[in-house]
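**Q** For reference, the structure I am asking about is given below.
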Amino acid sequence: MQREVPAGTVVDDAAAAEFHEFFEAHYAELARLAHLLTGEADAADDLAADALLALWHRWDRVRNADHPVAYARGVVANLARTRIRSSVRERRRIALFWAPRGAGDGYAVDDPDVSVVVDVQGALRRLPFRKRACVVLRHAFDLSERDTSLVLGISVGTVKSQTSRAVAELQRLLGPDTPAAQVQVAVAAQRSGGRH
């Protein structure tokens with residue numbers, strides 16, 4: 001049986017049921033991925049929903065793909081990247097608007113006397129997007145290097161190097177005495193909200 005959906009496309013009930021099953025199975029994981037990539041809990045549900053809506057519009061192609069979950073993760077990663085870039089542009093505009101006269105391109109407030117305890121989520125937010133995405137997909141979502149490369153559309157070699165550099169940078173951010181294995185376990189714990 002087929003039915004008309006608001007966008008004017010015809011969808012059969014089997015495809016709708018299959019999509020519903022996919023949604024139920026992967027929504028929480030996609031929202032968690034969005035949260036880890038953006039560092040914004042409030043935006044995670046919206047990004048996961050937007051990604052699933054995009055998948056629904058292309059469901060006939062997605063359902064026949066070799067790796068539909070990898071495709072979904074890639075959509076979330078792209079939406080997260082777009083959101084981060086938009087946020088950065090907005091922060092720059094605000095900083096320029098509120099900068100005191102004569103401050104040039106903006107200003108930064110440095111207070112070297114204030115010690116900051118960097119937790120894993122904070123450290124993840126400080127990584128460049130590609131490194132963050134690699135380390136999150138590899139360690140929090142336990143994807144293989146190949147699966148991570150499929151999600152991000154990059155080579156396996158790039159996944160290896162970006163993951164290695166991300167772990168090293170996280171070690172630096174979390175403290176010099178933090179072994180790489182501990183960083184990986186801490187990142188893995190983020191998949192369940194830090195309750196590992």
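Taken together, the values in this text are just the output of simple stated rules run on the coordinates, not laboratory data. These numbers were taken from a predicted model, which means no experiment stands behind them. When we count neighbours, we look across all protein chains shown, and the Cβ atoms used for this are built from the backbone with ideal geometry, even at glycine.
**Q** In what sequence, highest mean first, do 30-39, 153-162 appear when ranked by Cβ atoms within 10 angstrom?
**A** Put in order of decreasing packing, that is 30-39, 153-162.
**Q** While we're here: Tell me, rounded to the nearest percent, the portion of alpha carbon pairs in the stretch 16-91 spaced more than 19 Å apart.
**A** 32
**Q** Still on this structure, please answer the following. Using amide H atoms built 1.01 Å from N in the peptide plane, name the residues 5+ places from Thr178, or on other chains, whose amide H lies under 5 Å from its own.
**A** none
**Q** Show the residues, 5+ positions off or on another chain, whose built amide H is closer than 5 Å to the amide H of Leu143.
**A** The list, which skips near neighbours in sequence, is Arg138.
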